[in-house]
Amino acid sequence: MRIRNTGGDGVDKRTTVDANREERRALIDEWARQAQAGSQEAFIKITRHFERQLYIYCYYLIKDPEETKDALQDIFIRAYRNIGEYRGASFSAWLYRIAYTHSMNVLKKKKREQRLADRYRDEARLYTHTERDSAVMELLEPLTPDERNLVLLKAVEQYSFEEIGQIMDCTAVGLRKKYERIRKKLVQYERNKGGAKIETNIGSSRAGY
């Protein structure tokens, strides 16, 4: 024997709920038809009706309150612009499809941005200054930009004078002479500071031809 869930007035509550659901669906479909006909007021009613439940749905997907708010606004804008595509089956399902698609796009964008951020951090670690970098910067301090370039190419990048000549459009012989002058300049600079480390850092122009 089936026991019906009734209220004090003998009305089946499930029947009442189903009837209310059908009434809401019919009302939403009517708003949708009016919105398709150009009624902004009808679309505002749709927005107010779905706003909270769509926010909760999208929040469970996106998991960020501010991004969910932005997504919700975009979803309603997309729905408004494309409401002419709604064919009258279930407006709620049609709207949720837009919400789902947009939320997935938001998540994909977040993943791309995270990958870029991770890549940036990895590259930043590659370019973090070490003690060696600081020593090189100190070594180059008294030099002109042109002299710095030559020292970097020879002492740091380990190019030959012939290769540097191709880079700087100079002769290898001229570069050797210039490098020797720079070496003496740096040795004198270091001596004036009270040190004697430059000779071992930069070496003689006669080494590493």
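Length gained on full extension, Tyr189 to Lys63, computed as 0.36 nm times the residue gap minus the Cα-Cα distance: 39.4 nm. With a Förster radius of 25 Å applied to the C-beta separation of Arg52 and Lys111, the computed FRET efficiency comes to 0.35.
Between Arg119 and Ala93, the contour length at 0.36 nm per residue exceeds the Cα-Cα span by 5.5 nm. FRET efficiency for the pair Glu23 and Asp74, taken as 1/(1 + (r/R0)^6) with r the Cβ-Cβ distance and R0 = 25 Å, rounds to 0.25. Of His102, His49, the sequence from fewest to most neighbouring Cβ atoms within 10 angstrom is His49, His102. Multiplying the residue separation of Met104 and Glu138 by 0.36 nm and subtracting their alpha-carbon distance yields 7.1 nm.
Laboratory data are not the source of any read-out in this text; all were calculated from the coordinates shown. Quick caveat, the model's predicted, so the values are computed rather than measured. Counting neighbours? That spans all protein chains shown, and the Cβs are built from the backbone with ideal geometry, glycine included.
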